[in-house]
Structures are given as C-alpha cells and as structure tokens.
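Asks: Can you keep this structure in mind? I'll have questions shortly.
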Amino acid sequence: MSNAQGTGLLDLVLEAHGGREHWSRATTVRARLHMVGPTWKALGQEKTFAGVDVAVEMHEQRTVFTGFTGPGMRGVYTPDRVAIEDEGGAVLQERHAPRESFPIRGDDTRWDSLHALYFGGYGMWNYLTTPYLLTVPGVRTEELEPWQADGERWRRLRVTFPPHIPTHSTEQVFYYDESGLLRRLDYAPYVMGSRQAVHRTEAHRTVSGLVFPTHRYVLPVQDGRTGPEPVIILDFTDITVDFSPGPQPPRGEQ
C-alpha cells in the first residue's frame, strides 16, 4: 500500500491517542517504571529497572531515570552519551557513543549498568513519545495488509526510522485495533543481537488527554513462532504530562 494510506492510518492513530496538536504541546512525560523478566536476570540487571522514576523529553532525545542503580542516583540518556550521576550532578560513570558497545554476543552475555541505561533510555523515550514519534521528520510510514488471528483484525503500519533516532531496529511493524490503539509491535533489537521479538501493549490509560498503554510485555520469536512466556514485563504507573502554554483538555484518570 502507499505512503498516503499509511498517513491515513497514522492520522487515526494520533486521534485515538489524544490528537496530533495535543501531543505536539506536550513537553515532558514522567512515570514510575517497573520493568523485570528473565531477560534482565540473564543480563545481570535483574533489579536495575524494578522500580525507578523515568522522565522523557518530548522534543529532545533525552531520558532521565531517578533512583537508577540506587537511592540518590540518576541515569541520563542521550543518543550519543549515557551517564550515571549522583544527586548533586557529579558524573560517576559515562560512556560516549554507547550504541557502538553493542551487540554483546554469547550465551553468558552480561551487561553493565551503562548498557542497561542505553537500552532503557532509548526504549522509554520511544514508548512514551509514541505515537507522536511517528510524525518526526525522517520517519517513514506505510500501511500493510491487515493482520487477522484469534478473531481479531488489526491494521498494520510499517515504520522505518532514520539513523538519528535510536530504536530497537530500523524497520518495525506497529499493530492497531479498530479504534486506532496500539496493540503490538514487531522488531528485532540490534542491542540484543537482532533477535526477533513480539511486543504486546495493554491497559491503555488517558492522562491529561493523552493515551498511553501502561502494561507491556515482550515475547521471543523462535523458528518463526512466538514463545508462550514473556521475557520482559513492563508497567508504567503514576504517569504525568507537562505541556507548553495553551488550553488543555480535562485531566484523565489513570
């Protein structure tokens, strides 16, 4: 299908999640993050994201985790640098060009805290700015044939990201239900060896007029088949949104 058709689906999606104009006025999204699962245990980072505060900037690729690796600590992500700081802002650890430190291969693969910070930083920035992220210049969208299974019919958007936006993989497929809400993502994260994964999204909540899926889980794909048990489980609570000046709709319930 054509890019024009992809644009039509994207318009529906933006409206379903709160509207393009309202997303454009958002400046910062904050939430409490709880992300756990077998993948994090295997990487030696089981508790790294098991209860931290996260803030992402809507119009700048920047994510800050408060409580990262311990009380009074924070992790700061930007595409070209990750750093762990104390509460006074002193840099304790940092890594420039962090993507170049991936992928790390082998059955006994372990990540350090800066690896986890890079993955979590770009991941949360992607998740909490979507669907507005899909309108950023350089991002290309194309509607694919609908996906049907288990009595459900979801529309699909193939998204191609430009090099300046760190994400799981350059090409991803987004699935939307009839109302335009995000229900699934397919991708192959480079930092994890480009292994295929299915990412499901549920428990959508309206916060200050914007809609966020607050429960997510990732299923592995092996030999073309989706595994039954999640390898990553992710929950957002206590979401708040800051806006630039202008009229806002009533605050939604979480």
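The values are calculated or read from the model by the stated rules, or taken from the named source; none is laboratory data. None of the values given here were measured: they were computed from a predicted structure. Using ideal geometry, Cβ is built from the backbone for each residue, glycine included, and neighbour counts are taken over all protein chains shown. Keep in mind that these areas ignore ligands, DNA and RNA; they rest on the heavy atoms of the full protein, side chains included. Shrake-Rupley method; radii C 1.70, N 1.55, O 1.52, S 1.80 Å.
Asks: Give me the number: length gained by fully extending residue 110 to residue 12, i.e. 0.36 nm times residue separation minus the C-alpha to C-alpha distance, one decimal in nm.
Replies: Numbers: separation 98, 0.36 × 98 = 35.28 nm, distance 4.11 nm.
Contour length minus Cα-Cα distance gives 31.2 nm.
Asks: Which percent of the accessible heavy-atom area of the chain goes to carbon and sulfur, probe 1.4 angstrom? The partial results should precede the final answer.
Replies: Numbers: 5610 of 11920 Å².
Whole-percent figure for carbon plus sulfur exposure: 47.
Asks: Mind running the shape call on segment 91-132? Use the C-alpha gyration tensor, a ≥ b ≥ c as the square roots of the eigenvalues: rounded below 1.5 for a/c, prolate if a/b tops b/c, oblate otherwise. The partial results should precede the final answer.
Replies: Values: a/c = 2.41, a/b = 1.49, b/c = 1.62.
Because a/c hits 1.5 or more and a/b fails to exceed b/c, segment 91-132 counts as oblate.
Asks: Something else about it: Per residue, what accessible area does segment 1-115 have, given a 1.4 Å probe and all protein chains present, in Å²? Can you show the working numbers first?
Replies: Working: 5680 Å² over 115 residues.
Heavy-atom accessible area per residue stands at 49 Å².
Asks: Rounding to the nearest 20 debye, state how big the charge dipole of segment 2-64 is about its Cα centre with +1 on each Lys and Arg Cβ and -1 on each Asp and Glu Cβ. The partial results should precede the final answer.
Replies: Details: 7 positive and 7 negative charges, 55 e Å.
Its charge dipole is roughly 260 debye.
Asks: Decide, for the chain, between rounded, prolate and oblate: order the square roots of the alpha carbon gyration tensor eigenvalues as a ≥ b ≥ c, take rounded if a/c falls under 1.5, and otherwise choose prolate if a/b is larger than b/c, else oblate.
Replies: Since a/c reaches 1.5 but b/c is at least a/b, the shape of the chain is classed as oblate.
Asks: Shifting gears a bit: Assuming 0.36 nm per residue, please report the length gained on full extension of the stretch residue 194 to residue 179 beyond their Cα-Cα distance.
Replies: Gain in length upon complete extension: 2.3 nm.
Asks: Put +1 on the Cβ of each Lys and Arg and -1 on the Cβ of each Asp and Glu in segment 117-254; which of 162, 237, 133 then has its Cα farthest toward the positive end of the dipole?
Replies: Checked the options; the winner is 162.
Asks: Can you give the log10 of the normalised intensity I(q)/I(0) at q = 0.09, 0.21 Å⁻¹, computed with Debye over equal Cα scatterers of segment 1-124?
Replies: With one equal scatterer per Cα and no solvent, log10 I(q)/I(0) is -0.33, -1.15.
Asks: Using r as the Cβ-Cβ distance of residue 152 and residue 223, and R0 as 22 Å, what FRET efficiency do you calculate, to the nearest 0.05?
Replies: Working: r = 23 Å, r/R0 = 1.07.
So the FRET efficiency works out to roughly 0.40.
Asks: Now a separate question. Can you pull out the GluC sites (Glu not before Pro) in segment 70-157 whose DSSP state is coil and whose Cβ has at most 11 other Cβ atoms within 10 Å?
Replies: Numbers: sites: 85, 87, 94, 100, 142, 143, 152; in loops: 87.
Taking segment 70-157 and a limit of 11 other Cβ atoms within 10 Å, the loop GluC sites (Glu not before Pro) found are 87.
Asks: Just how much of residue 200 is accessible, in Å², when a 1.4 Å probe is used and the result is rounded to the nearest 10?
Replies: We get 60 Å² for residue 200.
Asks: While we're looking at this one, here's another question. How many nm separate the modelled label positions at residue 20 and residue 62, each set 7 Å beyond the Cα in the direction of the Cβ?
Replies: 2.7
Asks: If you place +1 on the Cβ of every Lys and Arg and -1 on the Cβ of every Asp and Glu, how big does the dipole about the Cα centre of the chain come out, in debye to the nearest 20? Kindly include the intermediate steps, with their values, before the conclusion.
Replies: Details: 26 positive and 32 negative charges, 20 e Å.
Charge dipole of the chain: 100 debye, to the nearest 20.
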